[in-house]
């Protein structure tokens, strides 16, 4: 441990990755200052307050990426900052001002807060695979030296394009600002994060990972040739790099490479109760695997614990437990089934066009009632 019972700050702490990291830090005995936009919103922070040791080692701090200086108080006196907060609105009608600029401004504000604090020894930034491999022609293997092609992204404006742009520009800006201010900066580049979770809502990355199961066609292209990491492995890598005395630079964190066909095969074999497609329009059958190399991370001693099945098992089981997925989408003869409207919302970003894909799924799951109306399972 770098500093026993050190105080650390986690931004975006109520999110999919942030909340799991907070849980792991508390387990290790760290004192955590967790930034959220509204500490008083019990629906969004209850899962944090219920964590073991939260009553003694966790403080919720209000902070917002759009408000300059709002992270100063949370960062003050901290030994390290884990910056995870980022806008995730893939359907924004003004992505430049609602997603891209706040992301870049937010990371620069975090650097300023670290400089003011004078106690921060490391700033660990959660980047994205979208900063590495979004380009016209794919490479067989990617490493930390690769960056996404901004011109290509802006010309195509594919699903989640504003997220790729925001994370790339933010990371580059953070590197420059950290260098100018002598802040020790580490960037962690996770691929698609899958696994169990403690947040109450459907995590954005699982919308993509489970798209063959939900029928969310707009996300098929993202996992055509994809790379994956278990949520717990990712959070453990954050703590590992914080505690490692010589860690520096960018680190890819990815344990498995798979095509969409590999994922579908896994789901069909392990969860046959779900009716998943076997063919995908515009996606060929024989696809080469594209790899993200985590060799740099492993070379300094990090070990991945989970395989692809572990990732999807954790994700699917948690979604079921929280009522975010039906127990089955396969019709069985002579069974009584109820009808679910499984809404999958997506924005293809051609102008501001939004496509709402409706899928009627026969399932024996319990129909939830909200305000007297059958509640749709919304995954995007």
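What the table shows:
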quantity: Test result for residue 73, surrounded by fewer than 18 Cβ atoms within 10 Å (Cβ to Cβ) and not in a loop (DSSP other than H, G, I, E, B); calculated: yes
quantity: Qualifying positions in segment 128-146 - buried (at least 16 other Cβ atoms within 10 Å of the Cβ) and touching a residue at least 24 places away in the same chain (Cβ under 8 Å); calculated: 128, 129, 130, 131, 132, 133, 134, 142, 143, 144
quantity: Residue, nearest to the chain's Cα centre (by Cα), within segment 172-183, restricted to residues that are in contact (Cβ under 8 Å) with a residue 12 or more places away in the chain and not in a helix (DSSP H, G or I); calculated: 183
quantity: Residue among 246, 201 that is over 24 Å from residue 293 (Cβ atoms) and surrounded by fewer than 20 Cβ atoms within 10 Å (Cβ to Cβ); calculated: 201
quantity: Residues within segment 229-244 that are under 30 Å from residue 179 (Cα atoms), in contact (Cβ under 8 Å) with a residue 60 or more places away in the chain and outside any helix (DSSP H, G or I), tallied; calculated: 1
quantity: Options 207, 186; residue that is in a strand (DSSP E or B) and crowded, with 19+ Cβ neighbours inside 10 Å; calculated: 186
quantity: Residue among 31, 86 that is over 17 Å from residue 200 (Cβ atoms) and crowded, with 20+ Cβ neighbours inside 10 Å; calculated: 86
quantity: Evaluation of residue 38 against (1) outside any helix (DSSP H, G or I); (2) at pLDDT 95 or above; (3) buried (at least 16 other Cβ atoms within 10 Å of the Cβ) (one fails), failing number; calculated: (3)
quantity: Residues of segment 274-293 satisfying the condition of being buried (at least 16 other Cβ atoms within 10 Å of the Cβ) and closer than 16 Å to residue 218 by Cα; calculated: 276, 280
quantity: Residue check for residue 65: crowded, with 23+ Cβ neighbours inside 10 Å, in contact with a helix residue (DSSP H, G or I) (Cβ under 6 Å, 6 or more places away or on another chain) and assigned to a helix (DSSP H, G or I); calculated: no
quantity: Test set (1) within 23 Å of the chain's Cα centre (by Cα); (2) free of Cβ contacts under 8 Å to residues at least 60 places away in the same chain; (3) not in a helix (DSSP H, G or I) - residue 302 fails condition number; calculated: (2)
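Results for (1) under 26 Å from residue 188 (Cα atoms); (2) under 21 Å from the mean Cα position of the chain (by Cα); (3) not in a loop (DSSP other than H, G, I, E, B), shown as yes or no for each residue.
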position: 251; (1), (2), (3): yes, yes, yes
position: 257; (1), (2), (3): yes, yes, yes
position: 268; (1), (2), (3): no, no, yes
position: 277; (1), (2), (3): no, no, no
position: 285; (1), (2), (3): no, no, no
position: 310; (1), (2), (3): yes, yes, yes
position: 314; (1), (2), (3): yes, yes, yes
position: 318; (1), (2), (3): yes, yes, yes
position: 325; (1), (2), (3): no, yes, no
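The values are calculated or read from the model by the stated rules, or taken from the named source; none is laboratory data. Note that the structure is predicted; figures quoted are calculated from it, not measured. Please note: Cβ atoms are built from the backbone with ideal geometry, for glycine as well, and neighbour counts cover all protein chains shown.
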